[in-house]
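Structure first, commentary second.
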Amino acid sequence: MTPDRVRIELLSGLTVALALVPEAVAFAFVAGVEPLVGLYAAFIVGLITAVFGGRPGMISGATGALAVVMVALVAEHGVQYLFATVVLMGILQLLAGIFRLGKFIRMVPQPVMLGFVNGLAIVIGLAQLEQFKVTDASGHEVWMTGPMLWGMLALVAATMALIWLVPKLTRLVPAPLAAIGIVTALVILFDIPVPRVGDMASVSGGLPEFAIPMVPLNLETLSIIFPYAVILAAIGLIESLLTLNLVGELTNKRGGASQECLAQGAANVVTGFFGGMGGCAMIGQSMINVKSGGRTRLAGIAAALFLLCFILFAAPAIEIIPLAALVGVMFMVVIGTFAWNSIALLRRVPRSDAFVILLVTGVTVAEDLAVAVVVGVIVAALVYAWNAAARIHAVERPSATETGAKVYELEGPLFFGSATGFMELFHPEEDPDTVILDFANSRVVDASALQAIEDIAAKYEALGKRVMLRHLSRDCHALLHHAGQLMVDSEDDPKYSLAVDYDVRSGVLGGAA
């Protein structure tokens, strides 16, 4: 940790903190709570996950993905029920970390990751359009027009241009921070009439105070908050773990999924007791941090502490920052986050993968991240199952070891998707009295495979014929032996070089011919 590294980390943290303010305030409005509820969540969740999280460089705080779920709870039951829900959400995330459920994020295929990144980039971009609205005399939100709109657009463009230009001139200051400073100075100097952070809400406040949520401690309360807590915990962990993988790809680091679950859980338990709305990893702010040079925990810690300083001491200075500068920063995040190479990949990858990328992107924009990832994983799994099922086939030949017997050399996995195709490979009426199923190039995967083997054995048995299994792998042997289908007394397993034949005991699973 050299002085130069400390400087980079602190400046990166300051940049992130500035970008956190309007995001936290906006998401608090979405959830229907006071701005400080979002700011406290950004500070507490950001600090705890920065210290204990699974990946240095990640930034966490109040997010829109959680806010849209909270709004119904707050509207119907009030903010105290939200705090209780956030505590329970954190407990569920702690349990996910204790039982190491974070490792299941490995089940998310690459097309789903690409769709997630693209969808979230679009969502971040669309969220910035809200800053182009103002409140008219009747209290309704309307789109900007006239000089204010042109001034806003010009400042957004200037911010984006500065972020592109500054790194070519100097690396002493993160480009987003320099752009925010320059654009803010221009607005103040020329008194340009554009919305500022203070126009959204005041960010001034005191330290968050400990308080037990004021809700009845009974089963009725649990029945209200538990469904919300489960949904919030799932969304928070999915977004956090996918962001963890994305940051890991940029920083060449791996692991930490269970640790991230524990950190997110602890952060949400604490924030629920200190009047925060809860949160999870933020891909936009994480990208700002990484692109600004943040690589250690110091940047995340600094971002949280800077945010607290803004709330306690520097609110007047923060409130004069033009929203256009922060919108420009977020638009550059969108450009940097979107996987532009995926557009070309759509023509090169299998059509099923291209469909998954587009599906997850669309569902992320239309619904939310959790639904999109679940839908993407299910579709990808079904596509894989279909393709694997199509691979099952058999080569028929006379047996070299059993006189008059016929061998079916099976190829492809035997599981629920290929069980029907497996049954259609055989000709019981035409086959000789002894049939050998050779699994050297196949695998018995699940209960459907066991049932298929039993059903085919029963068909041959009904005709007075015998079925034997050959070349079972160790896992296949264990599966069949545990089911009681192998008519052997020992647990020994043959090497592939040996042709040991196993008889099949039919009727074990209750299958019918």
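Quick notes on this one:
- The chain: relative contact order in percent, alpha carbon pairs under 8 Å with at least 6 residues between: 23
- For the pair region 142-181 and region 250-325, the centres of their Cα atoms are 22 angstrom apart.
- DSSP beta bridges confined to the chain are antiparallel in about 55 percent of cases.
- Think of it as helices only: each DSSP H run of n ≥ 4 in the chain is worth -39500 (n - 2.57), and spread over all residues that comes to -20000 deg cm²/dmol at 222 nm.
- In the frame of its principal axes, region 234-393 has Cα extents of 72, 34, 31 Å, reported largest first.
- For region 428-469, the solvent-accessible area of protein heavy atoms averages 40 Å² per residue (probe radius 1.4 Å; ligands and nucleic acids excluded).
- Heavy-atom accessible surface of region 191-325: percent carbon and sulfur, 1.4 Å: 69
- The residues of region 350-404 present an accessible area of 59 Å² per residue when probed at 1.4 Å with all protein chains retained.
- Carbon and sulfur %, accessible surface of region 348-426 computed with the full protein complex present, 1.4 Å: 62
- Dividing the convex hull volume of the alpha carbon atoms of region 164-287 by its residue count gives 186 Å³ per residue.
- Candidate cross-link partners of Lys133 among the aspartates and glutamates, defined by an alpha-carbon separation under 16 Å and a same-chain spacing of 8 or more, comprise Glu23, Glu141, Asp199.
- Whole-number accessible area per residue in Å² for region 200-246, which is evaluated in the context of all protein chains at 1.4 Å: 50
- Couplings for region 8-23, taken from phi via the Karplus curve 6.51 cos²θ - 1.76 cosθ + 1.60 with θ = phi - 60°, read 4, 5, 5, 5, 5, x, 5, 4, 4, 4, 4, 6, 6, 4, x, 5 Hz in order; Gly and Pro are left as x.
- Computed in the context of the full set of protein chains, the accessible area of region 77-188 at 1.4 Å probe radius has 72% of its extent on carbon or sulfur.
- Taking amide hydrogens as placed 1.01 Å from N in the peptide plane, the amide H of Met468 sits under 5 Å from those of Val435, Ile436, Leu437, each at least 5 positions away in sequence or on another chain.
- Taking the average, over residues, of other Cβ atoms within 10 Å as the packing measure, peptides 428-434, 78-84, 22-28 rank 22-28, 78-84, 428-434 from highest down.
- Kirkwood hydrodynamic radius (C-alpha pairs) into Stokes-Einstein, the chain, 37 °C and 0.692 mPa s, D in µm²/s: 126
- Relative to the longest principal axis of the Cα atoms of the chain, the long axis of helix 110-128 makes an angle of roughly 20 degrees.
- Ranked by how many other beta carbons lie within 10 Å on average, peptides 344-356, 173-185 from highest: 173-185, 344-356
- Once the Cα gyration tensor of region 399-475 is diagonalised, semi-axes √(5λ) in Å: 20, 15, 10
- Here r is the Cβ-Cβ distance between Glu367 and Thr403 and R0 is 51 Å; the resulting FRET efficiency, rounded to 0.05, is 0.20.
- Rounded to whole Hz, the Karplus (6.51, -1.76, 1.60) HN-Hα couplings of region 267-273, x for glycine and proline: 4, 6, 4, 5, 5, x, 7
- For Lys291, the lysines whose Cα falls under 16 Å of its own Cα, not counting residues fewer than eight places away in the same chain, are Lys168, Lys253.
- 0 to 90° range, to nearest 10: angle between helix 474-483 axis and the chain longest Cα axis: 70
- Degrees, to the nearest 10: 323-337 long Cα axis against longest axis of the chain: 20
The values are calculated or read from the model by the stated rules, or taken from the named source; none is laboratory data. Because the structure is a prediction, the values reported are computed rather than measured. Heads up, the Cβs are rebuilt from the backbone with ideal geometry, glycines too, and the neighbour counts pull from every protein chain shown. Just so you know, the surface numbers come from the protein's heavy atoms only, side chains and all, with ligands and any DNA or RNA stripped out. Shrake-Rupley method; radii C 1.70, N 1.55, O 1.52, S 1.80 Å.
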